[in-house]
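In what follows, a structure is listed as structure tokens, so that the remarks can point back to it.
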Amino acid sequence: MSVQSIDSFAERLLGWYDRAARDLPWRHPPGSAATPDPYRVWMAEIMLQQTTVAAVAGYFTRFVQRWPTVADLAAADDADVMAAWAGLGYYARARNLLACARVVVAQHGGRFPDSEDALRALPGVGDYTAAAVAAIAFGRAAVVVDANIERVIARHRLIETPLPAAKREIRTALAPLVPQDRPGDFAQGLMDLGATICTPRAPACTRCPVSADCRARGRSDIDQLPVKPPKKAKPQRYGLAWWIEEGDAVWLVRRPGKGMLGGMRALPGGEWTGEAPTESGLVHVDHGFTHFDLRLTLVRRESAHAAGEGEWWPLSALDAAGLPTLYRKLTDRMREDIA
DNA sequence: GAGGCGTGGCA
DNA sequence: TTGCCAAGCCT
């Protein structure tokens with residue numbers, strides 16, 4: 001069989017997607033006539049940035065139940081949204097989520113714009129998310145490129161240029177493959193393919209719907225594609241957090257709006273530095289961030305030292321404080337010790 | 001362009 | 001255990 005006689009790339013991919021699409025809370029059935037709610041599509045795409053499907057599912061369901069429309073979200077208290085996002089990571093996304101909802105209400109009459117350019121101008125919406133929402137929610141034939149799609153196309157076309165320089169070639173290769181009639185399913189199909197078949201390691205090429213003309217198939221080094229730049233070593237940092245208890249409550253603060261864990265509730269404490277503290281603490285946790293590892297040691301302080309803005313939080317309701325995982329680890333340890 | 005920015009699962 | 005990685009965005 002010649003290559004010319006097989007179905008087009010999009011036909012093979014969509015045929016596979018119609019059979020194998022994952023059933024996800026934010027997803028409509030493939031080819032469904034129902035119009036996806038742009039708010040839900042946008043919400044899912046923001047949460048899915050650098051975050052696994054498994055981690056997102058519960059958060060997505062809670063958010064759209066609590067704030068069913070973009071107007072509901074725009075009217076929400078910042079503290080409630082940040083607390084609801086706690087544990088999902090990359091907290092700038094939550095700040096931008098609120099900012100975006102408020103722009104959509106204030107400047108777009110509460111309806112998401114339907115063009116890639118207008119979406120791209122919204123807070124927290126970059127090239128990927130603008131294209132994904134345009135394709136999935138509005139049927140626009142946008143060229144959607146995420147890390148899954150980069151991997152699929154880099155292998156299918158044997159693009160050996162290292163990332164991020166390869167992005168241009170990948171986009172150029174992908175653009176003519178996008179079908180005008182089902183661009184949203186096409187994008188989601190490519191992402192499902194990358195997540196389940198064309199995986200980073202040990203891809204399941206025998207089950208791949210586009211393997212017939214894949215230029216990387218059979219290569220022993222297929223899992224080296226796409227080529228990525230070397231990673232830097234992460235430095236070790238140390239810090240102290242203060243456990244200030246009074247009655248049945250603990251003193252919590254809110255971190256500055258930008259930077260690490262920006263805008264999130266936290267235990268008070270000192271700066272994080274490269275020097276290990278000499279003070280011995282109640283407990284400590286080791287926590288890995290994207291660009292450094294942190295050992296945070298909890299030390300007891302008297303309430304008289306509780307300077308600055310903060311709030312007494314009932315120990316029995318700490319789960320509702322919306323602490324990031326770093327601090328959640330410490331409070332869980334304390335709870336074990338108290339129990 | 002490169003670095004800051006979380007977290008959890010997996011081999 | 002350690003490193004890699006996941007539907008990126010912002011500066």
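The values are calculated or read from the model by the stated rules, or taken from the named source; none is laboratory data. None of the values given here were measured: they were computed from a predicted structure. For neighbour counting, all protein chains shown are included, and Cβ atoms are generated from backbone atoms with ideal geometry for every residue, glycine included. Please note that ligands, DNA and RNA were not included when accessible areas were found on the heavy atoms of the full protein model with its side chains. Shrake-Rupley method; radii C 1.70, N 1.55, O 1.52, S 1.80 Å.
State yes or no: is A:Arg182 open to solvent by 20 Å² or more (accessible area, probe 1.4 Å) and under 19 Å from A:Arg27 (Cα atoms)? Taking the combined requirement at face value, the residue satisfies it. Evaluated against (1) more than 14 Å from DNA strand B (Cβ to nearest atom); (2) closer than 30 Å to A:Pro203 by Cα, A:Ala147 falls short on exactly one condition, (1).
Yes/no per residue for (1) within 16 Å of DNA strand C (Cβ to nearest atom); (2) open to solvent by 50 Å² or more (accessible area, probe 1.4 Å); (3) assigned to a strand (DSSP E or B):
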residue: A:Met260; (1), (2), (3): yes, yes, no
residue: A:Gly281; (1), (2), (3): no, no, no
residue: A:Val299; (1), (2), (3): no, no, yes
residue: A:Glu309; (1), (2), (3): no, yes, no
residue: A:Trp312; (1), (2), (3): no, yes, yes
residue: A:Ala317; (1), (2), (3): no, no, no
residue: A:Thr331; (1), (2), (3): no, no, no
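Looking only at residues in segment A:25-74 that are within 22 Å of A:Thr325 (Cα to Cα) and assigned to a loop (DSSP other than H, G, I, E, B), which one is most open to solvent (accessible area, probe 1.4 Å)? By that ranking, first place goes to A:Gln50. Here A:Ile244 fulfils each of the conditions (1) closer than 21 Å to A:Gly87 by Cβ; (2) in a strand (DSSP E or B); (3) open to solvent by less than 50 Å² (accessible area, probe 1.4 Å) apart from (1). Going through (1) over 16 Å from A:Glu45 (Cα atoms); (2) in contact with a Phe, Trp or Tyr (Cβ under 8 Å, 6 or more places away or on another chain); (3) not aliphatic (A, V, I, L, M) one by one, A:Gln107 falls short only on (2). Note on segment A:65-112: residues that are touching a residue at least 60 places away in the same chain (Cβ under 8 Å) and among the hydroxyl-bearing types (Ser, Thr, Tyr) total 1.
State which residue pairs qualify: first residue assigned to a loop (DSSP other than H, G, I, E, B) and inside segment A:206-225, second residue β-branched (Val, Ile, Thr) in any location, beta carbons under 7 Å apart, and separation of 6 or more residues or different chains. Close Cβ pairs (under 7 Å, with a partner that is β-branched (Val, Ile, Thr)) amount to A:Cys208/A:Ile197; A:Ala216/A:Ile222. Scanning segment A:145-179 for residues that are in contact with a Phe, Trp or Tyr (Cβ under 7 Å, 6 or more places away or on another chain) and under 26 Å from A:Ala92 (Cβ atoms) turns up A:Val145, A:Asp146. Within segment A:118-165, the residues that satisfy the criterion of being touching a Cys at 6+ places or on another chain (Cβ under 8 Å) and farther than 29 Å from A:Gln224 by Cβ are A:Leu122, A:Pro123, A:Gly124, A:Val125.
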